[in-house]
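I have placed the structure first, in the form of structure tokens, so that the comments after it can refer back to it.
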Amino acid sequence: MIDKHFLQQLQQLVALPSVSCTDPKIDQGNLAVIELLATWFSHIGFSCEIMPISAGKANLIATLGSGSGGLVLAGHTDTVPCDAQLWTSDPFKVSERHGKLYGLGIADMKGFFPAAFNAAQAFSKSKLQAPLIIIATCDEESSMAGAKALVEAGKPKARFAVIGEPTSLKPIRLHKGVMMERVTIMGHSGHSSDPSLGNNALDAMTLVMGELMAFRAEMQQKYHHPAFTIPYPTLNLGCIHGGDNPNRICGQCELQFDLRPLPDMNMDDIRQQIGQRLKRIALQQHIQIDYEPIFEGTPPAETPANSPFVKMVERLTQSEAGSVAFGTEAPYFRQLGMDTVILGAGSIETAHQPNEYLPISNISPLLLWLKQLIHHYCVLGHAA
Ligand SMILES: [Zn+2]
């Protein structure tokens, strides 16, 4: 059975569209969701700060209690776009079928907020030794602008964070980074019968691809992390576009690739190394090679296996903390100095697709664990 108030809150959140997308035509704000959450949490005694990020977009920092240390329960309020015609029910209305609640963003991850609210409400009259902080961000699905703004502002300050991304109730303490990059080569076109009339961008691109594959092999020699199913960094040559006709020297060619660094790798270093290697080819070939990220990238993140917080969450959930293949806001909470575990009731397999759902039976275990964490870290104020 699902609590009526929980269901109402979930319905309110799902009904407020907050799609974030790199395409400005589809992109929406999240302010209505943030304002709704602020109303809920101020009602139970939290002090709420709405942090404006851009037009119609904001973060919420809701704090109960004060002092050093403390626990953050964090989530993003935006969703990916949806194809409403492929859904069995209205994506903006919560619909219950066969023990599951359906709705856009219900697993990823609006469903976390009623859970955080319910858990917090149980302690709204308690005296807290350390603060309980609810964080709701914008733009996780597009630019991570919300989480980046938190790092820039240096808040919240706390020791521990739970991010409620969908993990099917399994605690997660690390993930790889995500980088997507573009290499563009500008050569000179000309008649194919005389190579001296041009400078072939495709010829140069084969050198670039060879260099990237050599770089990949070196990275995979050097870096290894046994906590991942794929225990090495990957580099995938994803697509290539260049030239137009067999009898023309190819004047321009573009390659896009994806790189997934391990937690002990630095994205800036990687970009610098690749840049240097490509510069060498450009000089050799007397050709222009431009290299740039397609988006800034999501850094990798890891909270050590021996962190007392990880141990605590493992004890509660009776599961060993593992890794996931998707990026989250965890690296930003790490930068703010928090031991961070990702733990949520939804499943990543249903996220970002039609008929996204939350299994009702996963809600009460999550609620119980959140209450136990709040009791340990905020009511008792333990620092470990
Ligand atoms: Zn998410």
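The values are calculated or read from the model by the stated rules, or taken from the named source; none is laboratory data. Keep in mind the model is a prediction, meaning the values are calculated, not measured. All Cβ positions, even for glycine, are placed from backbone atoms using ideal geometry, and neighbour counts span all protein chains on display. Ligands, DNA and RNA are stripped out before the accessible areas are found, and what is left, the full protein with its side chains, is counted by its heavy atoms. Shrake-Rupley method; radii C 1.70, N 1.55, O 1.52, S 1.80 Å.
Please give the number of the condition Lys127 fails out of (1) open to solvent by 40 Å² or more (accessible area, probe 1.4 Å); (2) more than 20 Å from Lys157 (Cα to Cα); (3) charged (D, E, K, R).
(2)
Just one of the numbered conditions (1) assigned to a helix (DSSP H, G or I); (2) of a type in the set (Val, Ile, Thr); (3) surrounded by 21 or more Cβ atoms within 10 Å (Cβ to Cβ) is not true of Ile61; which one?
Status for Ile61: all satisfied but (1).
Please work out if Thr39 is among the hydroxyl-bearing types (Ser, Thr, Tyr) and open to solvent by 10 Å² or more (accessible area, probe 1.4 Å).
The answer is yes for Thr39.
Every residue, every condition in (1) of a type in the set (S, T, N, Q); (2) open to solvent by 30 Å² or more (accessible area, probe 1.4 Å); (3) touching a strand residue (DSSP E or B) at 6+ places or on another chain (Cβ under 6 Å), yes or no:
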site: Glu181; (1), (2), (3): no, no, yes
site: Ile185; (1), (2), (3): no, no, yes
site: Leu197; (1), (2), (3): no, yes, yes
site: Leu207; (1), (2), (3): no, yes, no
site: Ala214; (1), (2), (3): no, yes, no
site: His225; (1), (2), (3): no, no, no
site: Leu237; (1), (2), (3): no, yes, yes
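Anything in the range 94-106 that is within 16 Å of the ligand (Cβ to nearest atom) and not in a loop (DSSP other than H, G, I, E, B)? List them, or say none.
Here is the first cut: in the range 94-106, the residues within 16 Å of the ligand (Cβ to nearest atom) are 103-106.
If the condition is that a residue be within 16 Å of the ligand (Cβ to nearest atom) and not in a loop (DSSP other than H, G, I, E, B), then Ile106 is the only one that fits.
Looking at (1) more than 16 Å from the ligand (Cβ to nearest atom); (2) open to solvent by less than 50 Å² (accessible area, probe 1.4 Å); (3) modelled with pLDDT of 95 or more, which is the only condition Lys110 fails?
Status for Lys110: all satisfied but (1).
With the requirement that a residue be buried (at least 23 other Cβ atoms within 10 Å of the Cβ), farther than 14 Å from Gly164 by Cβ and of a type in the set (Ser, Thr, Tyr), what does the range 300-345 give you?
Within the range 300-345, Thr303, Tyr332 qualify.
Looking at the range 285-299 only, could you name the residues that are open to solvent by 40 Å² or more (accessible area, probe 1.4 Å) and outside any helix (DSSP H, G or I)?
His286, Gln288, Asp290, Tyr291, Glu292, Pro293, Ile294, Phe295, Glu296
In the range 334-363, which residues are in a helix (DSSP H, G or I) and out of contact with any Asp or Glu (no Cβ under 9 Å at 6 or more places or on another chain)?
Keep residues of the range 334-363 that are in a helix (DSSP H, G or I), which gives 334-335, 348-350, 360-363.
Across the range 334-363, the qualifying residues are Gln335, Glu349, Ser361, Asn362.
Out of contact with any Phe, Trp or Tyr (no Cβ under 7 Å at 6 or more places or on another chain), under 23 Å from Glu141 (Cα atoms) and in a helix (DSSP H, G or I) - does that describe any residue in the range 259-269?
yes
Tell me, please, whether a residue that is of a type in the set (Lys, Arg), touching a strand residue (DSSP E or B) at 6+ places or on another chain (Cβ under 6 Å) and crowded, with 19+ Cβ neighbours inside 10 Å can be found in the range 250-264.
Yes.
Report, by residue number, each residue of the range 324-353 that is at pLDDT 95 or above and either of a type in the set (Asp, Glu) or away from the ligand (no atom under 16 Å from the Cβ) (or both).
Scanning the range 324-353 gives Glu329, Arg334, Gln335, Leu336, Gly337, Met338, Asp339.
Counting just the residues of the range 152-177 that are among the aliphatic types (A, V, I, L, M) and open to solvent by less than 40 Å² (accessible area, probe 1.4 Å), which one comes out farthest from the ligand (Cβ to nearest atom)?
Top of the filtered list is Ala158.
Would you point out the residue of the range 374-384, among those that are part of a helix (DSSP H, G or I) and of a type in the set (A, V, I, L, M), that is most open to solvent (accessible area, probe 1.4 Å)?
So, considering only residues that are part of a helix (DSSP H, G or I) and of a type in the set (A, V, I, L, M), the one most open to solvent (accessible area, probe 1.4 Å) is Val379.
Can you work out which of the residues in the range 19-36 that are open to solvent by 80 Å² or more (accessible area, probe 1.4 Å) and at pLDDT below 95 is nearest to the chain's Cα centre (by Cα)?
Step one: list which residues in the range 19-36 are open to solvent by 80 Å² or more (accessible area, probe 1.4 Å), which gives 22, 24-25, 35.
Remaining after also requiring at pLDDT below 95: 22, 24-25.
Values: Thr22: 14, Pro24: 20, Lys25: 22 Å.
Applying the filter and picking the extreme gives Thr22.
Looking only at residues in the range 1-18 that are open to solvent by less than 30 Å² (accessible area, probe 1.4 Å) and touching a Leu at 6+ places or on another chain (Cβ under 8 Å), which one is farthest from Leu358 (Cα to Cα)?
Here the answer is Leu13.
When you check Lys371 against the structure, is it open to solvent by 30 Å² or more (accessible area, probe 1.4 Å), in contact with a helix residue (DSSP H, G or I) (Cβ under 6 Å, 6 or more places away or on another chain) and of a type in the set (Lys, Arg), yes or no?
So Lys371 fits the description; yes.
Restricting to the range 68-81, what's the tally of residues that are crowded, with 20+ Cβ neighbours inside 10 Å, farther than 14 Å from Leu13 by Cα and either within 16 Å of the ligand (Cβ to nearest atom) or not small (Gly, Ala, Ser) (or both)? Don't jump to the end; show me each part of the working.
Within the range 68-81, the subset crowded, with 20+ Cβ neighbours inside 10 Å is 70-79.
Retained after the next criterion (residues that are farther than 14 Å from Leu13 by Cα): 70-74.
Subsequent filtering for residues that are either within 16 Å of the ligand (Cβ to nearest atom) or not small (Gly, Ala, Ser) (or both) retains 71-74.
Count: 4.
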